[in-house]
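Scroll down for the structure; my scribbles are underneath it.
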Protein chains: 2
Amino acid sequence: MAHRRELLFWGWGYADQHLLPQEETLLRELVSTVGGGATAVTAPRLDEFALPAPRGKPPAALAGLFSSSVYDRLTHAYGKSFADGVRMLQRAVARPPDWVVFPKNEDQLEMLLEWADISGAALIPFGGGTSVCGGVESAVEGDYSLVVSVDLQYFNRVLEVDPVSRAALIEGGALGPELETALRPHNLTLRHFPQSFQFSTLGGWIATRAGGHYATQYTHIEDFVESIRTLTPSGLMESRRLPGSGAGPSPDRLVVGSEGTLGFITRAWLRVQDRPRFRASASIRFGDMAAACAAVRAISQAALFPSNCRLLDPLEAMLNGVGDGRNAVLVLAFESADHPLDAWLARALELVADHGGRWDADAAERSLHSSETDQNQAQHRQGTAGAWRNQFLRAPYYRNYLTPRGVIADTFETAITWDRFDNFYTGIKDAVSRAIRRETGVDGMLSCRFTHVYPDGPAPYFTFYARGTDSGDMPAMLSRWRQIKLAANTAVTELGGTITHHHAVGRDHRPGGYDQQAPALFRAAFAGAREVLDPRGMMNPGVLIDTPARGATGGGILLS
Amino acid sequence: MAHRRELLFWGWGYADQHLLPQEETLLRELVSTVGGGATAVTAPRLDEFALPAPRGKPPAALAGLFSSSVYDRLTHAYGKSFADGVRMLQRAVARPPDWVVFPKNEDQLEMLLEWADISGAALIPFGGGTSVCGGVESAVEGDYSLVVSVDLQYFNRVLEVDPVSRAALIEGGALGPELETALRPHNLTLRHFPQSFQFSTLGGWIATRAGGHYATQYTHIEDFVESIRTLTPSGLMESRRLPGSGAGPSPDRLVVGSEGTLGFITRAWLRVQDRPRFRASASIRFGDMAAACAAVRAISQAALFPSNCRLLDPLEAMLNGVGDGRNAVLVLAFESADHPLDAWLARALELVADHGGRWDADAAERSLHSSETDQNQAQHRQGTAGAWRNQFLRAPYYRNYLTPRGVIADTFETAITWDRFDNFYTGIKDAVSRAIRRETGVDGMLSCRFTHVYPDGPAPYFTFYARGTDSGDMPAMLSRWRQIKLAANTAVTELGGTITHHHAVGRDHRPGGYDQQAPALFRAAFAGAREVLDPRGMMNPGVLIDTPARGATGGGILLS
């Protein structure tokens, strides 16, 4: 049914992708350090799952687009969180979607919405399915007669390119590589590279306020959004292409972050950019995390807008093979399609020097002068930044190795203003380390990097490893993870951060997190808006807000 | 009652502010060119207005904060649009606010909201009252027992400054100069300078998505907003201070642009900046508007982020005394608190040269080298940029001279993507010029500048002058203006622009504009959200959307 390369239904990435020998060596060492099982729980096979028979019957006109194959139902039952992997290893998926549907155009989506309205179905918009927070889960609460996962993979075209305004009209189901491939002949790029880039879609990025790889300036997908076309249960809502506007609250900002609860994002105009030609970079060591933070703060407040300003704390640097565990490391880089970056890098390095950073001056100099050829691009891919990027895209695969071996490996991310960062960083490390010890009986590892930096604060990204089980006891590991996750949510929220800077809310970030963070009246107001667009609450119920029970409020009251 | 310097109740600015002789000479010439009356309608006096007796009775506990003086009622009856001035000159204000109230704290605001709910009053949040689109008008439709304008001028403090994150907690009623004065000792600035800067407030800026003076990067007030505290009829809604977030749709973005329909913005955390120390600028002539546009587009897409990139079309340049009517003029400037701007200016001038721009290279060079002293600041104030700024702040006063003399002088502003700009610019000039001829019988003048530029398009700002009446016939002039305004709204909207880039919607931008531009479903969804926050529709009814008739929908249904 699907037209795409087969994905690993129980873990991250392509089914035919394997770890490299050196990755496996590294991970083996990690397991022995953190403490997991001697043997791995074996990878599940499709025939090990006994799924309940699908409820309901597809509408005749769309029947050819529906699938109830085990592969389709399993790959659409969960996202790609740690918990999702563990549950797959348990071979127990109690409530997969009854059906997965692969519509090919808006007419079919409209028919689907009409059918769902009549038949009482819940619909789950499904882009790449890479949610790490329970954002596409099929086991929804509420009085729905069946649950259908709506896979938008056929909405994968770049429909129009406007090279003058540098914008492109892109369908919501386009994967990162699909849209970049279509933009490349125009020498354009969206330049939005989340870690899930290969497997996630434009519509998913918009629905979840995804963050890209670049550290400043254009951090979230909404910074690129010029207009959005959303097909809601109440009809089509399409904003106007505008470079800027002051006409009422932004229509796009209602949809951005709505996580599938308002409708399907079928297409959007995105601001794209010329492909970078000039680069400059340096890798900087700091003996002291506080000094490193001060340097990053100075850079972030200097309006220099580095493309990368990724501070790794000492442990994170060591785990990434760029430090000895004593130094913090700042990966600093600039990119431009327009001009050489000598002045930008020079000023940033002055600021770095002011705060005691040390770097290889020759390498920084070389980074400037090998910048204008294709060869340089290849060099760039092989340098520190390139190594980082490979590691960045490979990292999610590591969980496929670690989870079966009983290691809890997870991340959480946030943002906080600079004035509170020191206290926040210490507080998070304390709270999560304590939770790990309490739940697992031994110490884990917790490291931090900044993924994005703003003039008023950084976006810290935490990675932790903890002993989940040494006996293949997946349910026990899952329950330990839940407690650690809840402790992380609570600490982040109580210490003043946001429950997510770019991973979205889904289900997993509600308890202890979003439900406390978001102003209660705002959540009620958002529910009021949703009530208009999706009166029956059929769209992705349970993420972000509680969906009113079916029939409890009636529909369309505000339109009447 | 008010604690501020007296304002001219029927026109722009301070009551004791007068035109300079050279300004008067210039304006006299303009009247004779455009064609107005030989004599001016005399300025109205307060005692010429017979206002209806105020309806209702203030609540006893707040009675001391209420005023029904003629001055207070008149200064709160309208904003400062062209139509508002004409109507004042007619000495006829049929429906002023019954009362003006000057609350001093949130407790009083809360009591006011409770009283309004019981008494059936409509409340109009009033900041500086500088709306040019009918945003604070007291003559509201609907079943309200009385109308109260709520002046927030006592909410004028900077409550807290966080120099580390560079942010400040500022009350909603603080005028531009008030908040800048409070930030200056910290060497900080909000650096948001709308043309109304002296008379408008932070809360007003947020409610209307105001645009500042700077051309790129941080164009609208929302770019600076870290969090907002809004007192709604349903209670307090306060977002969290965060440098960035991906947790659901942004709560702040619901309030930004809500134009007083959701509640009172009592305070907000704003990102502030170090005061600029380095400057660079050039004034560039282009023989051809298309080449000038291409140059501006190249600069806007180069990620150089000039503070000023103000392109004046040939007529606009001439009217501003910086051109001969044949050349377009680009006022280009960079500012930084952190670093010299040589590389930035040099690259921008390369782009300018690529498109045939000409400039005084010595002056550009000098702009770089006189930058680090206080003396330079004084020079800066006196140079081209300084002259521009003075003119910018003085211009609204000119209408005090022109309107009584029968000249229609007005502006409208928008944004449009680059690919459509040529067609848009021609189309707007055609449509508005035709409307002026049709309504007034003679040609007017219509000029254009870019106030802001984005990578995907400019924000063109149009100024027009037309013969309104040569016999002091204010009603006739008003009706001519209405037709021209409607033609402008319609042309902007039909040609694909936004009805406002930074002046807001109010009432005047609804017909032919916002009502067509905003997606119908979005407007319904916004109404759904508002229904939760302001169930009775008491807050500034009539702007942005139609307010449901009182009692028609019941309240709080979604909270129950």
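Pick out the one residue from A:31, A:86 that is in a helix (DSSP H, G or I), open to solvent by less than 20 Å² (accessible area, probe 1.4 Å), out of contact with any strand residue (DSSP E or B) (no Cβ under 6 Å at 6 or more places or on another chain) and in contact (Cβ under 8 Å) with a residue 24 or more places away in the chain.
Details: A:31 fails: out of contact with any strand residue (DSSP E or B) (no Cβ under 6 Å at 6 or more places or on another chain).
Matching residue, one of A:31, A:86: A:86.
Tell me, yes or no, whether the range A:168-178 has at least one residue that is within 13 Å of chain B (Cβ to nearest Cβ) and modelled with pLDDT of 95 or more. Break it down stepwise before answering.
From the range A:168-178, those within 13 Å of chain B (Cβ to nearest Cβ) are A:168-169; that's our starting set.
Cutting the leftovers down to modelled with pLDDT of 95 or more gives us A:168-169.
The answer is yes, given that some residue of the range A:168-178 is within 13 Å of chain B (Cβ to nearest Cβ) and modelled with pLDDT of 95 or more.
I'm trying to understand the selection: among the residues of the range B:338-360, which are at the interface with chain A (Cβ under 8 Å from one of its Cβ atoms) and among the small types (Gly, Ala, Ser)?
B:343
Which residues, taken from the range A:167-202, are open to solvent by less than 10 Å² (accessible area, probe 1.4 Å) and out of contact with any Ser or Thr (no Cβ under 8 Å at 6 or more places or on another chain)?
A:168, A:170, A:179, A:188, A:189, A:190, A:192, A:201, A:202
Could you check the range A:194-233 and list, in sequence order, the residues that are closer than 24 Å to residue A:299 by Cα, among the aromatic types (Phe, Trp, Tyr) and in contact (Cβ under 8 Å) with a residue 40 or more places away in the chain?
Matches in the range A:194-233: A:214, A:224.
Looking for something assigned to a loop (DSSP other than H, G, I, E, B), in contact (Cβ under 8 Å) with a residue 40 or more places away in the chain and hydroxyl-bearing (Ser, Thr, Tyr) - is there at least one such residue anywhere in the range B:184-191? Step through it out loud before you land on a result.
Kept after step one, since they are assigned to a loop (DSSP other than H, G, I, E, B), are these residues of the range B:184-191: B:187, B:190-191.
Within this subset, residues satisfying the condition of being in contact (Cβ under 8 Å) with a residue 40 or more places away in the chain are B:187, B:190-191.
Add one more test, that the residue is hydroxyl-bearing (Ser, Thr, Tyr), and what stays is none.
For the range B:184-191, residues assigned to a loop (DSSP other than H, G, I, E, B), in contact (Cβ under 8 Å) with a residue 40 or more places away in the chain and hydroxyl-bearing (Ser, Thr, Tyr): absent.
Would you pick out the residues in the range B:253-273 that are more than 8 Å from every other protein chain (Cβ to nearest Cβ) and farther than 17 Å from residue B:525 by Cβ?
Result: B:260, B:263, B:264, B:265, B:266, B:267, B:268, B:269, B:270, B:272.
Kindly indicate whether residue A:97 is open to solvent by less than 40 Å² (accessible area, probe 1.4 Å) and not hydroxyl-bearing (Ser, Thr, Tyr).
Numbers: open to solvent by less than 40 Å² (accessible area, probe 1.4 Å): yes; not hydroxyl-bearing (Ser, Thr, Tyr): yes.
Taking the combined requirement at face value, the residue satisfies it.
Give me a count of the residues in the range B:74-94 that are under 18 Å from residue B:200 (Cα atoms) and among the basic types (Lys, Arg). First the steps, then the outcome.
Of the residues in the range B:74-94, the ones under 18 Å from residue B:200 (Cα atoms) are B:74-82, B:84-85.
Right, trim to among the basic types (Lys, Arg) and you get B:80.
Here the count works out to 1.
So which residues in the range A:432-450 are out of contact with any strand residue (DSSP E or B) (no Cβ under 6 Å at 6 or more places or on another chain) and either open to solvent by less than 20 Å² (accessible area, probe 1.4 Å) or at pLDDT below 95 (or both)?
Once the filter is applied, which keeps residues that are out of contact with any strand residue (DSSP E or B) (no Cβ under 6 Å at 6 or more places or on another chain) and either open to solvent by less than 20 Å² (accessible area, probe 1.4 Å) or at pLDDT below 95 (or both), the range A:432-450 yields only A:435.
Which residues, counting only those in the range A:409-424, are open to solvent by less than 10 Å² (accessible area, probe 1.4 Å) and more than 19 Å from the chain's Cα centre (by Cα)?
The answer is A:417, A:421, A:424.
What are the residue pairs meeting all of these: first residue in the range B:497-515, first residue on the phi < 0 side of the Ramachandran plot, second residue among the charged types (D, E, K, R) and surrounded by 24 or more Cβ atoms within 10 Å (Cβ to Cβ), Cβ atoms under 8 Å, and 6 or more apart or on different chains?
B:500/B:413; B:501/B:413; B:502/B:209; B:502/B:413; B:503/B:413; B:505/B:259; B:507/B:137; B:508/B:485
Read through the list (1) aromatic (Phe, Trp, Tyr); (2) more than 10 Å from chain B (Cβ to nearest Cβ); (3) under 30 Å from residue B:243 (Cβ atoms); (4) surrounded by 22 or more Cβ atoms within 10 Å (Cβ to Cβ), then give the number of the only condition that residue A:155 fails.
Result: residue A:155 passes all but (3).
Please work out if residue B:491 is crowded, with 22+ Cβ neighbours inside 10 Å, under 24 Å from the mean Cα position of the chain (by Cα), assigned to a helix (DSSP H, G or I) and not assigned by TED's automatic domain parsing to the domain that holds residue B:315.
Numbers: crowded, with 22+ Cβ neighbours inside 10 Å: yes; under 24 Å from the mean Cα position of the chain (by Cα): yes; assigned to a helix (DSSP H, G or I): yes; not assigned by TED's automatic domain parsing to the domain that holds residue B:315: yes.
For residue B:491, the condition - crowded, with 22+ Cβ neighbours inside 10 Å, under 24 Å from the mean Cα position of the chain (by Cα), assigned to a helix (DSSP H, G or I) and not assigned by TED's automatic domain parsing to the domain that holds residue B:315 - is met.
Could you tell me how many of the residues in the range B:452-472 are within 14 Å of chain A (Cβ to nearest Cβ) and touching a Lys or Arg at 6+ places or on another chain (Cβ under 7 Å)? Working first, answer last.
To start, the set of residues in the range B:452-472 that are within 14 Å of chain A (Cβ to nearest Cβ) comprises B:452-461.
Now drop any that are not touching a Lys or Arg at 6+ places or on another chain (Cβ under 7 Å), which leaves B:455-456, B:461.
The qualifying residues number 3.
Could you check the range B:220-333 for helices (runs of 4 or more DSSP H) lying wholly inside it with 1 or more residues that are surrounded by 23 or more Cβ atoms within 10 Å (Cβ to Cβ) and polar (S, T, N, Q)? It would help to see each step written out before you state the result.
Values: elements: B:251-255, B:289-300, B:314-319.
Those helices (runs of 4 or more DSSP H) span B:289-300.
Identify the residue in the range B:334-364 that is more than 17 Å from residue B:289 (Cβ to Cβ) and of a type in the set (D, E, K, R) and, among all such residues, is surrounded by the fewest Cβ atoms within 10 Å (Cβ to Cβ).
The residue in question is B:362.
Could we say that residue A:230 is touching a Phe, Trp or Tyr at 6+ places or on another chain (Cβ under 7 Å) and within 10 Å of chain B (Cβ to nearest Cβ) here? First the steps, then the outcome.
Numbers: touching a Phe, Trp or Tyr at 6+ places or on another chain (Cβ under 7 Å): yes; within 10 Å of chain B (Cβ to nearest Cβ): yes.
Against the criterion (touching a Phe, Trp or Tyr at 6+ places or on another chain (Cβ under 7 Å) and within 10 Å of chain B (Cβ to nearest Cβ)), residue A:230 qualifies.
Output yes when any residue across the range B:473-482 is at the interface with chain A (Cβ under 10 Å from one of its Cβ atoms), buried (at least 24 other Cβ atoms within 10 Å of the Cβ) and touching a residue at least 24 places away in the same chain (Cβ under 8 Å), and no when none is. First the steps, then the outcome.
Going residue by residue through the range B:473-482, those that are at the interface with chain A (Cβ under 10 Å from one of its Cβ atoms) are none.
Checking the range B:473-482: not a single residue is at the interface with chain A (Cβ under 10 Å from one of its Cβ atoms), buried (at least 24 other Cβ atoms within 10 Å of the Cβ) and touching a residue at least 24 places away in the same chain (Cβ under 8 Å).
Among the residues of the range A:497-534 satisfying the criterion of being assigned to a loop (DSSP other than H, G, I, E, B) and more than 8 Å from chain B (Cβ to nearest Cβ), which is nearest to residue A:483 (Cα to Cα)? Walk me through how you get there before you give the answer.
Filtering the range A:497-534 for residues assigned to a loop (DSSP other than H, G, I, E, B) gives A:497-509, A:518-519, A:534.
Then drop every residue that is not more than 8 Å from chain B (Cβ to nearest Cβ), which leaves A:506-508, A:534.
Details: A:506: 17, A:507: 15, A:508: 12, A:534: 34 Å.
Ranking the candidates gives A:508 first.
The values are calculated or read from the model by the stated rules, or taken from the named source; none is laboratory data. Predicted model, so just to flag it, every value in this text is computed and none were measured. Heads up, the Cβs are rebuilt from the backbone with ideal geometry, glycines too, and the neighbour counts pull from every protein chain shown. Just so you know, the surface numbers come from the protein's heavy atoms only, side chains and all, with ligands and any DNA or RNA stripped out. Shrake-Rupley method; radii C 1.70, N 1.55, O 1.52, S 1.80 Å.
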